[in-house]
Amino acid sequence: MKYKLLMGALALSCVAALSGCSQDDGKIVIRMAQASAADGAIGLSMDNFAKDVEEKSNGRIVVHTFHNGQLGTERENIESVQMGNLDIAVVNQSVLVNFFPDIAVFDLPYTITSAEHADKVFLGEIGQSFLNKLPEVRLHGLAIWESGFRNLTNSKREVNTADDVKGLRIRVMENKIHQDLWGALGADPVPMSWSDAYTGMQQGAIDGQENPATVIDKNNVVEVNKNMAMTEHCYSTVFLVMAPKTWDRLSPEDQKLITDCMNKASLDERALSRKMDKEAITTLESKGMVVTYPDKSLFIERSKPVREFYSKDFPELAAKIEALAN
């Protein structure tokens, strides 16, 4: 009987966690969720944003953060935001592309060439234009944060040139551009959810994966892969999207407060992400990871057909992004 009562209480708590912006003793309660670790730059920045909002509102607005997929996958979180059952979702650009196809331009390999280039794109007119368009798919765009440049790890060999990638079975996101990129480089791309990737590498079903250094460190990839190549083949972001229902319930003053706190958090998150990325490389080396820095020119050359094929869907946007690299 006690077990049934406990399970009933847990079920009720889950329902409560999935409900949208609510009033609790006169306070506005906002729920914010992501699928990644709490101790990464994104997770820490979510918590800092929550503290800032609570302080600036004198405790009147409370933001509860949920990490590690507690409220579902990224896709499920997006759908919950669309329905107004979740207030804010923090989701990778490669997942959001299923709802807003033009975001695929950011998945093109070697489109973003440096951190400075990324800031010009995502903190400038192009980034804001994407946020402004999100209401078309029942999402209110708040900000774009950094996940970082993605790098390749594997258990087979050091990667010093693009030729060393040939034949490696690489876990990739369920994203056609990423699959075609690794195919163009001669690897065997294996679409797989991130939750299954570690076991796949541990059991030898796949040889490696690709992610920002911080993600590689925080998820203990060094235990199953001893080689990391700084390929920086793709720059990943996360979009912070709010339920339009939640946004519309806020007063103009509270909308401004949320926006101001989010703008501050966006700058702070980028600085933290870059600091943690450098620290992660050092940490991984101390744990036995062999880090190589291959010449990227051949990677760029061999991935050119992928860029050209997919950029046909948004030639003007791709040209604008490229122009900002100069």
### Task
Report the extension gain between Leu267 and Gln128 in nm, rounded to one decimal, defined as 0.36 nm multiplied by the number of residues separating them, less their alpha carbon distance.
48.6 nm
#### Entry: MRE, 222 nm, helices only [DSSP H, n ≥ 4, -39500 (n - 2.57), over the chain, to nearest 500]
-14000 deg cm²/dmol
### Message
Please compute the contact order of segment 2-323 in relative form: average sequence separation of alpha-carbon pairs under 8 Å and at least six residues apart, divided by the residue count, as a percent.
### Response
23 percent
### Summary
Taking a crude spin-label model, label points 7 Å out from Cα along the C-beta direction, the Asp313 to Arg60 distance in nm is 4.3 nm
#### Entry: Hydrodynamic radius of segment 190-310 per Kirkwood, over alpha carbon pairs, in Å
17.6 Å
### Task
Report, ordered by chain and residue number, the lysines lying within cross-link reach of Lys312, taken as a straight Cα distance under 23 Å and ignoring same-chain residues fewer than 8 apart.
Lys120, Lys133, Lys176, Lys304, Lys320
### At R0 = 35 Å, FRET efficiency that the Cβ-Cβ distance of Glu136 and Ser193 yields, to 0.05
0.80
## Note on the structure
Mean projected area, convex hull of alpha-carbon positions in the chain, reported to one decimal in nm², is 18.0 nm²
### Theoretical gain in end-to-end length, Asp254 to Arg157 [0.36 nm per residue, Cα-Cα removed]
29.6 nm
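Read-outs throughout are calculated quantities, based only on the coordinates presented, and are distinct from any laboratory measurement. Small disclaimer: the values here were computed from a predicted structure and weren't measured. Cβ coordinates were reconstructed from backbone atoms using ideal geometry, including for glycine residues, and neighbour counts include every protein chain displayed.
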